[in-house]
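Working notes, structure below.
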Amino acid sequence: MAKQTQSKMSRALQRRENIAGYVFMLPSLVFFLGFVIIPMFICIITSLTNTNMHDPGLFGGFIGLKNFADLANDKVFLKGLVNTFVIVLVSVPAVCAFSLWVSSAIYKLKGPILSAFRCIFYLPVVTGSVAVTVVWKWMYDNYTGILNSALTSTGILEKGINWLGDPKTALWCIIVILFTTSVGQPIVLYVSALGNVDQTLVEAAQVDGATDLQVFWKIKWAQMMPTTLYILVITTINSFQCFALIQLLTQGGPNHATDTVMYYIYYTAFKLTEQAGHFGYANAMGVVLAIFIGALSALQFKLAKEK
Amino acid sequence: MKKKLLALLLAMTMVMALVACGGNGNQKGNNNQNTEPPKQEDNTQTPEPAPAPTGASEITLWTYPIGKWGDEATVKALTDAFTAETGIAVKVDYLAYADGDDKVNTALTAGGAPDLIMEGPERLVANWGANGHMVDLSDMFDDTDMAEINAVNEGVMKSCTHTNGAIYEYPLVMTAHCMAVNLNAFKEAGADQYLDLDTHTWTTDDFIKAVEALYAKYGQTVGAVFCAGQGGDQGTRALVNNLYGGTFTNAEHTAYTWDDPLNVKALEQLKAMDGIEFDASLAGGDEIAKFYQGALKMAFCWNIAQQMDPNGAGTGAEKTVTGDDIAFMSFPSEDGSSKLQGGTWGFGIFDNGDEARIEAAKQFIKFMCDSEHTVDAVKAASYFAVRTTAEGTDLSNIWADEPIMAEYTKLMPYLGDYYQVTTGWAAARTAWWNMLQAVGTGDDVAAAVAAGAAEANAAAAG
Amino acid sequence: MKIENPRSRAYKIVSMIILVILAILFLFPLYWIITGAFKPAADIYAQEPVLWPTEWVSKNFENLFNKRTAPLFSIFGIEGPTAPAAFRWLINTVFMSVASMLLTCLTAAMAGYALAKKRFVGRAILFSLIVCAMALPKQVILIPLLKEMAALKLYDSLWAVIFPTVGWPFGVFLMKQFSESIPGEILEATRIDGASEAKTFVTVVLPMVKPGIGALAIFTFINCWNDYFMQLVMLPSGQNFTMPLGIATLQAETSVDMGLLMAGAALAALPIIAVFLLFQKYFTQGITMGAVKG
């Protein structure tokens, strides 16, 4: 009897939680489902069809996994996939390491100097990616850019490098810009995290004769783990948003050296090429990319749980 | 499980409801771009009964920067005149070559394409027309129109007509594309002896010697085979084809022939030359800028509009920014008589399924291309008219008081075949600049050319 | 105080020098934008870069303002006076960023609280969906989204950019992490006091997650201000352009007139830099407070 009442009560309670939960979720769900999940479903379905721009209707004819089979043989796509991961795998650790170093070098400085440094490293973030890209394009310029001019006039280089026109350098040029616009927030975060490290632990360790390096890794680094994870997440997200750089600087060239999957989707969908408007194919790329990113996120969160 | 589904469903309905409200509220502020009915594809669906043509009060025009048709003040004067006469307002947006095509394709996908678009047959006919997005304008041409246009050049109407017989572009202006040299630099390097400034022609040998002289003098890149994208690619095509007489397509426009050994020879020659660089960081517009700036001593992307106003900078005709003289030249070829690439520009109408707007758009085309106002429309483009007379107004002498334009007509007889309407054009030109990039990065020329041409021909075969 | 050993002293000096060099390198693009915006044509086109303008001119801004015009605003069909399009772009960008920021903060605060504190059915599935979708680039759903916006008649309106930004689940994730720290006893106490769910949220939850909202607001605003892709796809008409789109289009049209481009870039960058410098303290506080709970 008592048990029954309890289960009834808990069912009532559960209903209350359900209603309250969904009422609070609702506004967010509207946007999330409407503009992320539903399009994602449509994307998955169209990836199995030959939908294209020139035929009306949301879906074209069903062609099974043909798009995916074609992708596996599409050299440009595979190159793009590699480039995408090069960008992410280089820029994420680089940003983390660099911002950690800068923060540890500046967090003990006097107030105004500290905030000046913090400001300077944060400025490229607020300047805006398009404005930054436009000015970097000018700086990288093969003929009249300041970079070549500075390097040749100081004798470091004999002849200017065609930064964006050479497949050996183009991708790195893009990573550099991405890097400068990504480190601002991690530095701010690390500076404050370092400031919040429990001093009693640090002092105790020092009394025990630990070196600075030991103190740093054993105590400070461990305490900053949550911050690091947060930084990893936002930097990864950031690195996938490098579309503007590629569209405005290289359009995927030279010789596909800077093609990323994100750019190639747009290229396939809307650039005026013969395969333009090949939506089914473009969506198949989206699905492949989404699978990779999903796996990456899952990995990150598994690591986060194991901390 | 059921509950979850229910909640999800509920949420979805809410999305739709909320968003629909938002849409309606917003629509008003949005000019009537959004009130157009969704686009109907005429060939696949039975079109809904078209609304009676009550006369549209506003049409939209997207224009690429063709001469001063990219300049707001100039275009506004022209559209204002049209509005004054017809009462139809024209909302103009300006496209750039770098991302204009993407915008049109996006708009076509979203059913928000403009009524009118101004560009050349390579886009209007070979792409959007061929894919069924454009209105056939055949009914706008009578025998007089045809005669007036054919009297100037028989190729123009051919290029505006699709193989299915439909005319997707009403031509307004045309020109021949050429190249340009920095005369002061040539003189300094003693290379001006290779230029015939009277006929504006030179031979391949002249060109090679001139580049050698320039490189000896300046020790840096003097000319760039630009290949960052498709912008200005007619220049690189004309350069490579003319050098040893190679071709780009066959005469019937059914296949791409740029794996011609003569083209391979030309590319190998260019690649081997000191002073000529395959530059994948430049597109046509960038090359013009570098030339205007004096960094490059020759530009392969040039035409009369550039000659009149180099770099669109408004610093005076035939002068670089530092005041050096610019001479326009035909592309070098073995005997000096080159085949120049032509450009034809005009208007096309996107089929938005609204008869009234199509009618208004046709009125606009008539006003600009075949009326007493055509003179202004042509002059705005700073090219040559495609017809002799427009409804009685003589167009053959509109540039008579402009000596540079008169001098430029010397090049017009060299106008070659307009092959940009060959099937698979978009793929072919993409393959072309990708091939140039590959050659520039050191790939084997013959192999890169063969691969590119094969890609183009695959597209031509459909 | 401790006496530092010479080695760590040397390290400090070296790292300070490197830092200063880095700082100069980081500042240089901004310096180049600002000086470039005021350089005369001769400096802009000079073959050797000119480090300091030989003369400060406003010509580039005049060119920018004269190049395109647009109505200053248009609300419910009423159009404002014709003005340089750059001002309209600025207004559009501010509107878009603020609207996205407000909507995101509101929806994410509610959802984050629900995910953290309400044990409703389907919560786990929703949360994993959110985590997976967080890093998803917009290009993946580009085409369906475009068609959806067209069907909703939102294509070519700023809402087509705002709504997907709000739908992006990073905010919910952040607020969920943040709401975890709200002590259950306090919520229980308010419930026993008979407060409604809405009242609990407004009077108890919101004040406690305020720092998180601050962080999210800054993050969303800056992201929106910097976004370019969605704007490129969704906003074709010149009068609906945003600042990034406007500059990108200028670059596409004339990749040449660097003075004009730098004027545009300066106009886009300086307002937000000014805001940043003024509210720097809140910026850094907001960012860090959000992450302490990361």
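The values are calculated or read from the model by the stated rules, or taken from the named source; none is laboratory data. All figures in this text were calculated on a predicted structure; none of them were measured in a lab. Note that each Cβ is placed from the backbone with ideal geometry, even for glycine, and that neighbours are counted across all protein chains shown. What goes into the accessible areas is simple: the full protein's heavy atoms, side chains included, and nothing from ligands, DNA or RNA. Shrake-Rupley method; radii C 1.70, N 1.55, O 1.52, S 1.80 Å.
For B:Y64, A:Y22, give me the order by solvent-accessible area with a 1.4 Å probe, most accessible first, ignoring ligands, DNA and RNA.
Solvent-accessible surface, decreasing: A:Y22, B:Y64.
Note down the nm distance, to one decimal, between modelled labels 7 Å out along Cα→Cβ at C:A42 and at A:S10.
Here the answer is 8.6 nm between the modelled labels.
Straight-line reach from A:K220: which aspartates and glutamates fall under 12 Å, measuring Cα to Cα and dropping same-chain residues less than 8 apart?
A:K220 reaches A:D198, A:E203, A:D212.
Using a 1.4 angstrom probe on the protein heavy atoms only, could you order A:L201, C:L30, B:L137 from most to least accessible area? Intermediate values should be presented prior to the final figure.
Values: A:L201 85, C:L30 25, B:L137 0 Å².
Correct descending sequence by accessible area is A:L201, C:L30, B:L137.
What ranking do B:296-302, B:430-436 get when scored by the average of other Cβ atoms within 10 Å per residue, highest first?
Most protected by this proxy first, the peptides run B:296-302, B:430-436.
Considering only protein heavy atoms and a 1.4 Å probe, what is the carbon-and-sulfur percentage of the accessible area of chain B?
53 percent
Using bins 10 angstrom wide from zero, how does P(r) for the stretch C:112-158 break down, in % of all Cα pairs?
22, 31, 30, 17, 0
Relative to the Cα centre, what is the charge dipole magnitude of the stretch B:211-298, using +1 at the beta carbon of each Lys and Arg, -1 at the beta carbon of each Asp and Glu, and rounding to the nearest 20 debye?
About 260 debye.
Which residues in the stretch A:191-232 place their backbone N less than 18 Å from a point set 7 Å from the Cα of C:A10 along the Cα-to-Cβ direction?
Residues A:212-213 fall inside that zone.
For q values of 0.12, 0.14 Å⁻¹, compute log₁₀ I(q)/I(0) with the Debye formula on a Cα-only model of chain B, without solvent.
Values, matching the q order: -1.05, -1.34.
With a cut-off of 8 Å between alpha carbons and a minimum separation of six or more residues, what is the relative contact order of the stretch A:103-262 in percent?
Relative contact order comes out at 30 percent.
Which three extents, in whole angstrom, do the alpha-carbon atoms of the stretch C:151-294 cover along their principal axes, largest first?
67, 41, 20
Can you tell me the equivalent ellipsoid semi-axes for chain C? Use √(5λ) from the Cα gyration tensor, largest first, whole Å. List each step's numbers first, then the result.
Numbers: eigenvalues 325, 193, 55 Å².
Equivalent ellipsoid of chain C: 40, 31, 17 Å, largest first.
Can you give the accessible area of C:F127 in Å² (nearest 10), computed on protein heavy atoms with a 1.4 Å probe?
50 Å²
How big is the accessible area of B:D142 in square angstrom, nearest 10, if you roll a 1.4 angstrom probe over the protein chains?
80 Å²
With Rg and the Kirkwood Rh both taken from Cα atoms, where does Rg over Rh land for the stretch B:118-228? Each step should come with its number before you reach the end.
Values: Rg = 21.1 Å, Rh = 17.6 Å.
With Rg and the Kirkwood Rh in hand, the quotient comes to 1.20.
Of A:K159/C:K138; B:K290/B:K410; A:K302/C:K117, which sit over 31 Å apart, Cα to Cα?
The answer is A:K159/C:K138.
Given the alpha-carbon gyration tensor of the stretch B:224-365, what are the semi-axes of its equivalent ellipsoid in whole angstrom, ordered largest first, with each equal to the square root of 5 times an eigenvalue? Could the numbers behind the result be given before it?
Values: eigenvalues 192, 117, 38 Å².
Gyration-tensor ellipsoid for the stretch B:224-365: 31, 24, 14 Å.
Roughly how many nanometres apart are two label points built 7 Å out from the Cα toward the Cβ at A:Q223 and B:M146?
Modelled inter-label distance: 8.8 nm.
Let me have the relative contact order for chain B, percent, based on Cα pairs under 8 Å that are six or more residues apart.
Computed value for chain B: 23 percent relative contact order.
How large is log10 I(q)/I(0) at q = 0.09 Å⁻¹ when the Debye formula is applied to the Cα atoms of the stretch A:109-265, each weighted equally and without solvent?
-0.45
Show me you know the interface measure: the accessible area buried between C and A, both chains summed, probe 1.4 Å, in Å² to the nearest 100.
Numbers: alone 17550 and 18740 Å², together 27680 Å².
That pair hides around 8600 Å² of surface in total.
Amide H neighbours of B:L415 under 5 Å, at least 5 residues apart or on other chains, H built in the peptide plane: list them.
Answer set, sorted by chain and number: B:L340.
At a Förster distance of 30 Å, what's the computed FRET efficiency of B:T322 paired with C:L270, Cβ-Cβ distance as r, to 0.05? Let's see the in-between values first.
Working: r = 31 Å, r/R0 = 1.04.
That pair, B:T322 with C:L270, gives E of 0.45.
Give me the accessible area buried between chains B and A, both sides summed, with a 1.4 Å probe, in Å² rounded to the nearest 100.
3500 Å²
What are the extents of the Cα atoms of chain A along their three principal axes, listed from largest to smallest and rounded to whole Å?
In descending order, the Cα extents are 84, 68, 30 Å.
Based on Cβ point charges of +1 for Lys and Arg and -1 for Asp and Glu, what charge dipole magnitude is obtained for the protein assembly as shown about its Cα centre, in debye rounded to the nearest 20?
With Lys and Arg at +1 and Asp and Glu at -1, about 7540 debye.
Could you go through the stretch B:130-142 in sequence order and give the Karplus-derived ³J(HN,Hα) for each residue, using 6.51 cos²θ - 1.76 cosθ + 1.60 with θ = phi - 60°, rounded to whole Hz, and x for Gly and Pro?
4, 8, x, 9, 10, 8, 6, 9, 3, 5, 8, 10, 9
If you project the alpha carbons of the stretch A:94-142 onto their three principal axes, what span does each projection cover, largest first, in Å?
40, 23, 17
Where only protein heavy atoms count, and the probe is 1.4 Å, what is the accessible area per residue for chain B in Å²?
On the way: 16550 Å² over 462 residues.
Counting only protein heavy atoms, the per-residue value for chain B is 36 Å².
Relative to the longest principal axis of the C-alpha atoms of chain B, give the angle of the C-alpha long axis of helix B:100-109, reported between 0 and 90° and rounded to the nearest 10°.
20 degrees
Measure nothing but the geometry: give the 0 to 90° angle between the long axis through the Cα atoms of B:72-86 and the longest principal axis through the Cα atoms of chain B, rounded to 10°.
Helix B:72-86 sits roughly 50 degrees off the main axis of chain B.
Rounded to the nearest whole Å², what accessible area per residue is found for the stretch A:189-302 with the 1.4 Å probe?
34 Å²
Throw me the Rg/Rh for the stretch A:1-91, computed over C-alpha atoms with Kirkwood Rh, two decimals.
Values: Rg = 23.2 Å, Rh = 18.0 Å.
Reported Rg/Rh (Cα atoms, Kirkwood Rh): 1.29.
Total Å² of accessible surface buried at the C-B contact, 1.4 Å probe, nearest 100?
Using a 1.4 Å probe, the pair buries roughly 3300 Å².
Output wanted: per-residue J couplings in Hz (rounded whole) for the stretch C:53-65, from phi through Karplus 6.51 cos²θ - 1.76 cosθ + 1.60, θ = phi - 60°, x for Gly and Pro.
3J(HN,Hα) across the stretch C:53-65, in whole Hz: x, 5, 7, 8, 10, 9, 4, 4, 5, 4, 4, 4, 6.
Mind grabbing the base-10 log of I(q)/I(0) for the protein assembly as shown at q = 0.04, 0.08, 0.09 Å⁻¹? Debye formula, identical points on the C-alpha positions, no solvent, two decimal places.
Summing over Cα pairs of the protein assembly as shown leads to -0.22, -0.85, -1.06.
Let me check against my output: what whole-number percent is the relative contact order of the stretch B:391-462, with C-alpha pairs under 8 Å and at least 6 apart? Don't skip to the end; give the middle numbers.
Working: 40 pairs, mean separation 25.4, N = 72.
Once divided by the residue count of the stretch B:391-462, the mean separation gives 35 percent.
Towards the positive end of the charge dipole of the protein assembly as shown, with charges on Cβ (+1 Lys, Arg; -1 Asp, Glu), say which of C:F73, C:Y155, A:V215 has the farthest Cα.
Working it through, the farthest residue towards the positive pole turns out to be A:V215.
From the Cα trace of the stretch C:173-234, what convex hull volume per residue do you get, rounded to a whole Å³? List each step's numbers first, then the result.
Details: hull volume 5.9 nm³, N = 62.
Looking at the stretch C:173-234, the number lands at 95 Å³ per residue.
Within the protein assembly as shown, what percent of beta bridges assigned by DSSP are antiparallel, to the nearest 5?
Details: 32 of 47 bridges.
So the antiparallel bridges in the protein assembly as shown amount to around 70 percent.
Report the calculated FRET efficiency for C:L102 and C:K281 (r = Cβ-Cβ distance, R0 = 30 Å), to the nearest 0.05.
Approximately 0.85, to the nearest 0.05.
From largest to smallest, what semi-axes in whole angstrom does the stretch A:206-301 give when each is the square root of 5 times an eigenvalue of its alpha carbon gyration tensor?
So the equivalent ellipsoid measures 43, 16, 9 Å along its semi-axes.
In 5 Å bins starting at zero, report the fraction of Cα pairs in the stretch B:283-435 per bin as a rounded %.
With 5 Å bins starting at 0, P(r) equals 2, 7, 13, 15, 17, 18, 13, 9, 4, 1, 0.
Any aspartates and glutamates with Cα under 12 Å of the B:K68 Cα? List them, leaving off those in the same chain fewer than 8 positions away.
Within the straight-line limit of under 12 Å, B:K68 reaches these aspartates and glutamates: B:D309, B:D376.
Just to be sure I understand: if I project the alpha-carbon convex hull of the stretch B:403-449 onto a plane and average over all orientations, what area do I get in nm²?
Hull-based average projected area comes out at 5.3 nm².
Take the Cα atoms of the stretch B:215-301, build their convex hull, and give its volume per residue in Å³.
So the per-residue hull volume is 91 Å³.
Computed on alpha carbon atoms, what radius of gyration and Dmax characterise the stretch C:1-61, expressed in Å?
Taking only Cα atoms of the stretch C:1-61, I get Rg and Dmax of 19.4, 58 Å.
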